[in-house]
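Contents: one structure, followed by commentary.
The values are calculated or read from the model by the stated rules, or taken from the named source; none is laboratory data. Everything numeric here is computed off the predicted structure, so don't read it as measured data. A quick note on method: Cβ atoms are made from the backbone with ideal geometry, for glycine too, and the neighbour counts reach across all protein chains shown.
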C-alpha cells in the first residue's frame, strides 16, 4: 500500500466538498456549516491564501481523504500555531495507518516552522482521541468559547 500526500488543487473541489459534507454531518463535529462555508474553505485552500492549506491523502493513487491546516500565532507558546482543522478519511481507508502517516507528513512539512500544533476533537470520539494521543497530542483542559 502506497500512502502519499499532496497539496489540494482546484480539480479536487467536488470530491473534497463531498467528503466535507460527510465529515460535517457526522458525530465527529458539533455543528454543520452551510455549503457556502465549505466551498469558501476549499477556495481558501486552493488559492494563495496564507492562512489555509489543503492536503489530499492518497492511497495507491486514489484519493483517500483530506486535511486542512490553518496558521495563526500563539501567545501562550510564543510562536506560530498550526491548527489541524480537518482530518477526514473515507470509511474504506480508515484503520490503515493513513492518519499516523498524515501526522508524520505534517511534522515533516511544518514541524520546524511552528511552536505548537493544535486540534479539536469531540469528547465522545474515542477512536480519534486514541489516535491523536498515539501521535503525541495531549488533552488541554480549556473550555472553548465562540461568538
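Mind listing whichever residues of the range 113-126 are surrounded by 13 or more Cβ atoms within 10 Å (Cβ to Cβ) and over 14 Å from residue 85 (Cα atoms)?
Scanning the range 113-126 gives 114, 115, 125.
Find all pairs meeting these conditions: Cβ atoms under 6 angstrom apart; at least six residues apart or on different chains; first residue within the range 13-33 and in contact (Cβ under 8 Å) with a residue 40 or more places away in the chain; second residue outside any helix (DSSP H, G or I) and surrounded by 12 or more Cβ atoms within 10 Å (Cβ to Cβ).
Hits for this filter: 15/63; 16/66; 19/66; 19/88; 23/88; 28/122; 28/125.
Failed condition for residue 63, given (1) crowded, with 19+ Cβ neighbours inside 10 Å; (2) closer than 18 Å to residue 11 by Cβ, with all others met?
Condition not satisfied by residue 63: (1).
(1) farther than 29 Å from residue 2 by Cβ; (2) touching a residue at least 24 places away in the same chain (Cβ under 8 Å); (3) out of contact with any strand residue (DSSP E or B) (no Cβ under 6 Å at 6 or more places or on another chain): which one isn't true of residue 60, the others all being true?
Going through (1) farther than 29 Å from residue 2 by Cβ; (2) touching a residue at least 24 places away in the same chain (Cβ under 8 Å); (3) out of contact with any strand residue (DSSP E or B) (no Cβ under 6 Å at 6 or more places or on another chain) one by one, residue 60 breaks only (1).
If the requirement is being surrounded by fewer than 20 Cβ atoms within 10 Å (Cβ to Cβ), touching a residue at least 40 places away in the same chain (Cβ under 8 Å) and over 26 Å from residue 146 (Cα atoms), which of these qualifies: 102, 110? Explain how you work it out, then say what you get.
Values: 102 fails: surrounded by fewer than 20 Cβ atoms within 10 Å (Cβ to Cβ).
None of the other options fit; the residue is 110.
Would you be able to say whether some residue in the range 12-33 is modelled with pLDDT under 95 and over 29 Å from residue 146 (Cβ atoms)?
For the range 12-33, residues modelled with pLDDT under 95 and over 29 Å from residue 146 (Cβ atoms): absent.
Does the range 66-83 include one or more residues that are free of Cβ contacts under 8 Å to residues at least 24 places away in the same chain and closer than 22 Å to residue 2 by Cα?
Checking the range 66-83: not a single residue is free of Cβ contacts under 8 Å to residues at least 24 places away in the same chain and closer than 22 Å to residue 2 by Cα.
Go through the residues of the range 10-26 one by one and say whether even a single one is closer than 18 Å to residue 131 by Cβ and outside any helix (DSSP H, G or I).
yes
Against the condition out of contact with any strand residue (DSSP E or B) (no Cβ under 9 Å at 6 or more places or on another chain) and either outside any helix (DSSP H, G or I) or in contact (Cβ under 8 Å) with a residue 12 or more places away in the chain (or both), how does residue 48 come out, does it pass? Spell out how you get there, then give the answer.
On the way: out of contact with any strand residue (DSSP E or B) (no Cβ under 9 Å at 6 or more places or on another chain): yes; either outside any helix (DSSP H, G or I) or in contact (Cβ under 8 Å) with a residue 12 or more places away in the chain (or both): yes.
Here the answer is yes, as residue 48 does meet what is asked.
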